[in-house]
Structure formats: C-alpha cells, structure tokens
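A.B. asks: My structure is below; once you've seen it, I'll send some questions.
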Amino acid sequence: MALLALVRPVLLAAAVVALAIGIVAVLPPQNPSPAPAPAPAPPVAARPIVLPAPETSPPVTPNDFRGFQGFQANPAPSPPALPSEPEPPASDRYDLTLRLEKGDTIDKILADIDVGEADRKQIDRALQAILKKRRIAPGEEIRLEIQTPSGPSDMPTVLSLSVRPQPEREFIVNRQDDGSYSGEEKTYRVSPRIVRVQGERSGSLEQSGVAAGAPSAAMTEFIRALSYDVDFQRELKVGMKFTVLLEQLVTSDGKVTHPGRLLAGELALGKRTVTVIRFRPNGGADQFYNARGESVVRSFLRTPMDASKVTSRFGMREHPILGYSAMHAGVDFGAPSGTPILAAGAGKVTMAGYNGGYGLFVKLEHTREIGTGYGHMSRLGPGIKPGVSVRQGQVIGFVGSTGMSTGPHLHYEFYRGGRQVNPLAQKFAMQASVGGKDLASFKAVAGQYLAQLKNAPKVAVGKPDPQAAAVGD
Ligand SMILES: [Zn+2]
C-alpha cells in the first residue's frame, strides 16, 4: 500500500506510458493455447475461499521435451573388436550424420559432400516415394553410410541414408547391388515402461529432479501437485529426499520416445511424507490425490512458485530502498531470475505490464472479491495479457528484478475486496475426494504405485546441480 502510495505521484505518468509500451513490447508474438471462457464466479464462501473446479494442467506435449536425448542408461554397445592384423587397411566405409538446416534439401546435403548427380536423383526419388507427402523438418538428422572414392577423381557413394522424424518411424534408402536405390519404411512398437527417479533437494526441487534424471515437465507437475499442501519455504530443506514414479514410452529398439509422465511422487519432509497419486475418476480428467484419496487440489496454491524462501513477510518493515519504516503489503519470495511464476488460482488477467515500483506486474481477478498480484517480473508468461483467462498453476511470468527491487524476487500480493491481506494467512478450501465406485479402483492404483515408488527400476542418477538463490527487495 505505502510502497504504491509513495511512488505513485512520481511514477504515474511514466507508468502509464510504460504500461502501454510494455504490454506491446513484452508480449510474445503468438498465443499458444486458447484460453477457456472464464467460469462464472461463485458466491464467496464464509471463510475458506472456494473457486470453480480448477481445470487440469495443460497436456504435456512433445515440445516440453525438445532436445531431450533419452536417459542414456544403456550406452550403445561398441562393435566387437576385429582380430588385429599387422597393417589393418583403412576402412573405406564410414558413417556421417548431417543436420538438415533451414532451406536445405537432401539433394543439397548430398551435393555438398560431392555425391554424384545421378545418385542424388535416385536417392531423392526413393526417399520421396516412402515419405509420400511428408516433409523432413529443418533440424532433423540425416544419417549416411558412405563408401569413400576408390580413386582420386571418383565420387563418394551413399550406401544408405536414413532419417527418423519420430522415434517409432524410420525412413531408409539403401543402395542395391546393381547400383540403384530403394526405400524402406521401418516402424517400431512403442510400449510403456515404469521407472522411478530418486533424488534429494539441492537448489530448486525442479532442478534437483532434472539432475536426478526426471523430465522437467514431470517435476513441474509434481511441484504443482505438492504446492497446495507443502509450504516450500518453511518445510522443504536441502537434502530432503523425493521419489517420482514415471511412465516412459520406449520403442521396441530401446529408444525413449517420452521421457516420463508423472504417475506418483513422494516427498519426505522432516515430520511427514507427502504422497501424490495420479488417478482418473470415472468420466473425469486425471488429477492428483493423496494416499487417502483426497484431491490435492485447493482453490489457491500455497505459494505461486517453487520458491526457495520467503525473504520478506507481510507487515511493517524498514524499506530497503526508501530507508524508512513502511508497510510491506505482500510477501517476497527470493528465487533466481527466470524462475516460473504460477497463477495461484484460476482467474482472469486484469493487468499485465509495467506498474511503477512493482516493475513488470500481473494482476489476476479470481472472483469479484479475490485477486492476486505479482511484481518485479523479468518477462510475462506466454499469452498473458489483460482479459485472458488463466488456469491455476499456469505460468504467468518469470522472476526478475524490475521496478523498485534490489535483486530477483517475486513480490506477491493477495487482495480481498480490493485491500491487500497477508497471503500466507489465508485458508483455502479443499476440492473433492475420490468416492463411490471410483474408490475401489483408486485403492488398487494407489497400492500399486506406492509399491512401485519403492521397487520400480531406477533411472540412472546424474550429478545434482546446486544453484544459489534468494535476494530480498
Ligand atoms: Zn515485496
């Protein structure tokens, strides 16, 4: 309140201009997911805040795993050593992998390595015949087996060319004995495999999970499921252990096509262990439940991020920049710049842009009575602009240090009837539990997952990547 009041006269004009420019300047060009129509706001309950049933997180897409190379648990066996000869002849065959760059064609790639025109045409024709109308996207790897020229003027011969745009599908062109080329499409069966990843917290929980071998998307989902219940600041300490159970998809030749969907997870906090279990009730969507079958979902996230610590609480304090005592009308969460900030509840964006001392700021309206505000962002989340609806847990921006701030952190405010209240003091209602006919199947699933959290095959553990955090404002 005071922060805003003090800076308002000085910054109002600048803020208005900056807001207008800021909205235009910081918005990403595309709007990836069409936002659902805003749900009607229900009457506000007596004390615990209840929102319309939150929607499930956006589905995990292959884009979430772009660049993922698989877990490399089983390195490809090296070819058996050939019996040693006194002077082994230099091999006249070799493998070459080339990336198709933007504007490239297979013909151009082959011409670049001096493959003769007649061969290039044949290879291209054979490949088009099996690709049909499909196009090979830039960035795709083209694997070649080449025979070196036998004389100084001869051109290299392509023995085989293959491209695998999807893990379950490979297109291969082979040279025949008569020097012609023919194409072949190979498909691989894809089947699920259940694995577990174990780690301990060092840096953020998400980083710790990725370092231990879990995909980032699964860790994000785990953190979201935990965040209704776990106070990450007070409860989650360095060294605390977690296990996530993942369902990977693996092809019949051992390639991981999906690095793992979160089935269940367990986080050991000092005094208690929090368990989350994925379950789809009859006619509903996937949700996470605790071991008793109670939904983990509450109307608001306890903290709007996987933050490392609260660096400044709600109330009167000495202002670090202004230098005198003033009301701190929110809570500060210290976290590295770029840490995703999540919508605490489902709602509508009413403000997204520069706002004086708040820097880059997002305000959400959840009901007519309840709102939340997020300050000092480095940038906005994809598609975040005034008027759009957001799901609970959707990324609305990223931690930064814009506005009146001494270092990267999130300034988080909670409004009731337009007034700031202490976000950490609010009580939020729990959503429904598994019931009726679903209960028996939930118990079976939960029993299976709880056992697999202990005994499913483990993914190879990487090295934890500790990362420093936290500055105040
Ligand atoms: Zn603050």
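A.B. asks: Just to be sure I understand, how many residues within the stretch 324-364 are more than 16 Å from the ligand (Cβ to nearest atom) and either within 18 Å of GLY393 (Cα to Cα) or basic (Lys, Arg) (or both)? Reasoning before the result, please.
C.D. replies: Of all residues in the stretch 324-364, those more than 16 Å from the ligand (Cβ to nearest atom) come to 336, 338, 340, 342-343, 345-354, 364.
Going one step further and asking which of them are either within 18 Å of GLY393 (Cα to Cα) or basic (Lys, Arg) (or both), we end up with 338, 340, 342-343, 345-352, 364.
Of the residues in that region, 13 qualify.
A.B. asks: If you don't mind, another one. Any residue that is in contact with a Gly (Cβ under 6 Å, 6 or more places away or on another chain) and among the aliphatic types (A, V, I, L, M) - is there at least one of those in the stretch 281-299?
C.D. replies: no
A.B. asks: Can I ask one more? Give just the number: which of (1) surrounded by fewer than 24 Cβ atoms within 10 Å (Cβ to Cβ); (2) touching a residue at least 12 places away in the same chain (Cβ under 8 Å) does SER325 not satisfy?
C.D. replies: (2)
A.B. asks: Mind checking whether some residue in the stretch 299-307 is more than 27 Å from PRO423 (Cβ to Cβ) and assigned to a loop (DSSP other than H, G, I, E, B)? Walk me through how you get there before you give the answer.
C.D. replies: Let us first name the residues in the stretch 299-307 that are more than 27 Å from PRO423 (Cβ to Cβ), namely none.
No, the stretch 299-307 contains no residue that is more than 27 Å from PRO423 (Cβ to Cβ) and assigned to a loop (DSSP other than H, G, I, E, B).
A.B. asks: Another question, then. Among what's in the stretch 370-397 and is more than 24 Å from ARG298 (Cβ to Cβ), away from the ligand (no atom under 16 Å from the Cβ) and not basic (Lys, Arg), pick the residue that is surrounded by the most Cβ atoms within 10 Å (Cβ to Cβ).
C.D. replies: Checking each candidate, the answer is LEU380.
A.B. asks: A further question follows. Among GLY383, GLY407, which is the only one that is more than 29 Å from ILE321 (Cα to Cα) and assigned by TED's automatic domain parsing to the domain that holds GLY357?
C.D. replies: Result of the check over GLY383, GLY407: GLY383.
A.B. asks: Continuing with the same structure: Of the residues PRO167, PRO156, which is closer than 30 Å to LEU249 by Cα and touching a Ser or Thr at 6+ places or on another chain (Cβ under 8 Å)?
C.D. replies: Result: PRO167 is the single residue among PRO167, PRO156 that is closer than 30 Å to LEU249 by Cα and touching a Ser or Thr at 6+ places or on another chain (Cβ under 8 Å).
A.B. asks: Next question. Restricting to the stretch 109-144, what's the tally of residues that are more than 13 Å from PRO156 (Cα to Cα) and part of a strand (DSSP E or B)?
C.D. replies: Number of matching residues: 3.
A.B. asks: For THR367, state whether it is touching a Pro at 6+ places or on another chain (Cβ under 8 Å), more than 16 Å from the ligand (Cβ to nearest atom) and at pLDDT below 90.
C.D. replies: Working: touching a Pro at 6+ places or on another chain (Cβ under 8 Å): yes; more than 16 Å from the ligand (Cβ to nearest atom): yes; at pLDDT below 90: yes.
So THR367 fits the description; yes.
A.B. asks: On to the next question. Determine whether the stretch 290-301 contains at least one residue that is at pLDDT 75 or above, within 15 Å of the ligand (Cβ to nearest atom) and within 21 Å of LEU236 (Cα to Cα).
C.D. replies: No, every residue in the stretch 290-301 fails to be at pLDDT 75 or above, within 15 Å of the ligand (Cβ to nearest atom) and within 21 Å of LEU236 (Cα to Cα).
The values are calculated or read from the model by the stated rules, or taken from the named source; none is laboratory data. Small disclaimer: the values here were computed from a predicted structure and weren't measured. Neighbour counts are summed over all protein chains in view; Cβ atoms, including those assigned to glycine, are modelled from backbone coordinates with ideal geometry.
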